[in-house]
Amino acid sequence: MPLDDATHRYTLPGATGDWEIVVGLEVHAQVQSNAKLFSGASTEFGASPNTHVSLVDAAMPGMLPVINRHCVEQAVKTGLGLNARINRFSRFDRKNYFYPDLPQGYQISQFQFPIVGEGEIVCERDDGSRFTVGIERLHLEQDAGKSIHDLDPDATYVDLNRSGVALMEIVSRPHVRSPIEAAAYVRTLRTILRYLDTCGGDMEKGQMRADVNVSVCRPGQYEKFRETGDFSHLGTRCEIKNVNSLRFIMQAIEYEARRQIDIIEEGGKIEQQTRLFDANTGVTRAMRSKEEAHDYRYFPDPDLLPLELEESFVETIRVNLPELPEAKRKRFVEVLGLSEYDASVLVADKDRADYFEAVIAKGADGKLSANWVNNELFGRLNKEGLGITDSPASPEQIAGLVGLITSNVISGKIAKEVFEIVWTEGGDPEQIVESRGMKQVTDTGAIEKVVDELIAANPDQAEKVKVKPQTLGWFVGQVMKATGGKANPQAVNEILKKKLGV
Amino acid sequence: MSVSEDDVRRIARLARIAEPKDRVAKLTGELNGILAWVEMLNEVDVDGVEPMTTPVSTPLPLRDDTVTDGEIREKVLKNAPKAEEGFFVVPKSVE
């Protein structure tokens, strides 16, 4: 394993010594909105080709872009969620290049004056440890259309439904040091966007894609870069375009780092270039068409005025920000007394957190609810391949169940049976327990009667317990069996000890 | 500031304009003439003057986030040299 668990330092051994990697990511996140960034066409996914296209999106001559207010609000909201500076003056520029799915011949983007400046987010690795990644900027831009190459051997089919949909390009600082950290960063970013409701975050639907910048350096060089901010301490980077899953991001980084190390160790030089990741082979290769296209000839879009935001516009969004994952996690630990682990598991997915909050809103105990939601409920959902929003058991039902355990009406064991009934048949847990006689027996008289009968029927076992007290478990099991598991375990233990004199 | 004949060829290529082979020298001269003329602006002292982005002093108009357009596929595809099954069809362009 190249990853040292104690320091999280990721090193790759080479023929001439150890290497480290430095990664920065540009994440393109589709803005959650009804209409496109500069036109009134729908953003809905999965429509017939070229139906969600206006004459603006098709770049017909004489069409003018008019910006969508909500997309601006979403960008500001995201910026605030990334603890970033909001630039009340920003501007749209044209990024010029030719491609069949870009009918304008340029993308409207923000080059010199982005809407959001520097920020930072705290990310979590799989083992629960945290690291901070700086955000360099966030800007608004248009998405391109979609080219389909496999419908015809000699032609490309173009669908402009996606053309003009708003994207936020979120650019990180090169603060990511391993494939695992890259995945953790993108996952954290996605969680934040989902909490903010500014991006759906579904990578399979292309709602989030990443360009990954990778370079390699000798141990110690990165620290020098962080101290001085001087990029010359780092190696030359290559950009891997459009990687669309966490697994591919990790694979692409691993492959690319190894490729660069091999070149350097054989006496070669890394050329700064744009590369593509082939998911089928796990290999990255240089993109031919991009060799020259790097000359984008940006200039201010004359069709659009600068975007100037009133302070009140930003403040209204700021005061209405939802609680973010990091704050929620802290509250779960500090106020509700959950373990760090339970809190992290719940918070990692907004739907899970919402479900849990709905359970405790009914007055159920926090720790026990977390236990039930994380273990029983999630376990069952995973087993059946269901998402939390498809759960047959509602938060009210789980709250009812947890309430019955806390008030000693049923034991944890019986609760699992009740859960099974709730899951398969539905119904109110309290009524289920009542109507099926599943209430815990806390009546000591009733338990004593069972115990007396058992001792009388099993004198040998009773003698054995006096010599070997740990065999008491046998009696506990028998009492539970005789009472259908409904006897309060604590009461059973006490009565048995008293009667058997241990 | 001036451009060379190579610059002119490159600009043509980036703009997807056929290389004006027999006119490169002439165009280079013309472009340099325009650049030299614009360069006169450098004579104006702009120290401490904020760059002007636009002569228009109205704010950028904002639109509501409602679907008001689209669903006009026939119109969108009308001028396409080739269209099939609702798609634009173009020469193969894949990496």
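Please list the three semi-axes, largest first and in whole Å, of the ellipsoid equivalent to region B:12-95, using sqrt of 5 times the eigenvalues of its alpha carbon gyration tensor.
Equivalent-ellipsoid dimensions as semi-axes: 40, 30, 10 Å.
Tell me the GluC sites (Glu not before Pro) within region A:65-133 that lie in a loop according to DSSP and have at most 15 other beta-carbon atoms within 10 Å.
Within region A:65-133, the qualifying GluC sites (Glu not before Pro) (loop, at most 15 other Cβ atoms within 10 Å) are A:GLU118.
Given a 1.4 Å probe and no ligands, DNA or RNA in the count, how much accessible surface is buried by B and A, both sides, to the nearest 100 Å²?
By this definition, chains B and A bury close to 4100 Å².
List the residues whose amide H sits under 5 Å from the amide H of B:ALA83, counting only those 5 or more places along or on another chain, with H placed 1.01 Å from N in the peptide plane.
B:VAL89
Given a 1.4 Å probe and heavy atoms of the protein chains only, how would you sort B:ASP64, A:ASP202, largest accessible area at the top?
B:ASP64, A:ASP202
If you build the convex hull over the alpha carbons only and average its shadow over all orientations, what do you get for chain A? Give it in nm² to one decimal.
That works out to 32.9 nm², a quarter of the Cα hull's surface.
Scattering from the C-alpha atoms of region A:323-435 alone, worked out with Debye: what is log10 I(q)/I(0) at q = 0.11, 0.19, 0.20 1/Å?
Debye intensities relative to I(0), on a log10 scale: -0.32, -0.95, -1.04.
Just to confirm, what accessible area per residue do you get for region A:323-435 at 1.4 Å probe, in whole Å²?
Roughly 47 Å² per residue, with all protein chains present.
Could you report the accessible area of A:HIS70 in Å², rounded to 10, computed with a 1.4 Å probe on the protein chains as they sit in the structure?
Roll a 1.4 Å probe over it and A:HIS70 shows about 60 Å².
Projecting each Cα onto the charge dipole of the protein assembly as shown (Lys/Arg +1, Asp/Glu -1 at the beta carbon, about the Cα centre), which of A:LEU404, A:ALA358, A:ASN34 comes out farthest on the positive side?
A:LEU404
Pop out a list of residues from region B:72-95 that are at least 50 Å² less accessible with all the protein chains around than in their chain alone; 1.4 Å probe, no ligands or nucleic acids counted.
Buried by 50 Å² or more upon assembly, which counts only protein chains, are B:ARG73, B:VAL76, B:PHE87, B:PHE88, B:VAL90, B:LYS92, B:SER93, B:GLU95.
For region A:1-88, which chymotrypsin sites (Phe, Trp or Tyr not before Pro) are in a loop by DSSP, counting at most 16 other Cβ atoms within 10 Å?
Answer in residue order: A:PHE45.
With springs connecting C-alpha atoms under 10 Å apart, model chain B as a Gaussian network and identify which of B:GLU43, B:GLU85, B:GLU19 has the largest mean-square fluctuation.
B:GLU85
Explain nothing, just the number: relative contact order of region A:121-203, from Cα pairs under 8 Å at least 6 residues apart, as a whole percent.
For region A:121-203, the relative contact order is 30 percent.
Counting Lys and Arg as +1 and Asp and Glu as -1, what is the net charge of the other residues whose Cβ lies under 9 Å from the Cβ of A:PHE313?
So the environment of A:PHE313 carries a net charge of -3.
Net charge around A:ALA446, counting only other residues with Cβ within less than 13 Å of its Cβ (Lys, Arg = +1; Asp, Glu = -1)?
-1
Could you list which residues have their amide H under 5 Å from that of A:ILE240, counting only those 5 or more apart in sequence or on another chain, with H placed in the peptide plane?
A:VAL212, A:ASN213, A:VAL214, A:ARG275
To the nearest 10 degrees, how steep is helix B:24-38 against the longest Cα principal axis of chain B, on a 0 to 90 scale?
Helix B:24-38 sits at roughly 70 degrees to that axis.
Residues of region A:444-500: accessible area per residue at 1.4 Å, in Å²?
I get 57 Å² per residue for region A:444-500.
Considering every residue in B:55-64, what mean count of other chain Cβ atoms within 10 Å of its Cβ is obtained?
6
When you look at the Cβ of every residue in A:184-191, what mean number of other chain Cβ atoms sits within 10 Å?
Shielding by partners across A:184-191 averages 0.
With a 1.4 Å probe and all protein chains left in place, how much of the accessible area of the protein assembly as shown comes from carbon and sulfur atoms, in whole percent?
Carbon and sulfur atoms account for 51 percent of the accessible area of the protein assembly as shown.
What's the local net charge at A:THR471, with K and R +1, D and E -1, over the other residues with C-beta under 13 Å away?
Summing Lys and Arg as +1 and Asp and Glu as -1 gives +2.
Normalise the Debye intensity by I(0) for region A:25-207, one equal point scatterer per Cα, no solvent, then take log10 at q = 0.16, 0.18 Å⁻¹ and round to two decimals.
-0.99, -1.18
Can you pull out the trypsin sites (Lys or Arg not before Pro) in region A:20-97 that DSSP calls coil and that have at most 15 other Cβ atoms within 10 Å?
A:ARG85, A:ARG88
For A:HIS52, enumerate residues with amide H under 5 Å from its amide H, sequence gap 5+ or separate chain, H modeled in the peptide plane.
Under 5 Å from the amide H of A:HIS52: B:GLU71.
Using only the Cα atoms of region A:85-183, each taken as one equal point scatterer with no solvent, compute I(q) by the Debye sum, divide by I(0), and report log10 of the ratio at q = 0.15, 0.17, 0.20 Å⁻¹.
-0.79, -0.88, -0.97
The values are calculated or read from the model by the stated rules, or taken from the named source; none is laboratory data. The shown structure was predicted, so the numbers you read here are calculated from the model rather than taken from an experiment. Cβ: placed from backbone, ideal geometry, glycine included. Neighbour counts: every protein chain shown. These area figures cover heavy atoms from the full protein model, side chains too; ligands, DNA and RNA do not enter into them. Shrake-Rupley method; radii C 1.70, N 1.55, O 1.52, S 1.80 Å.
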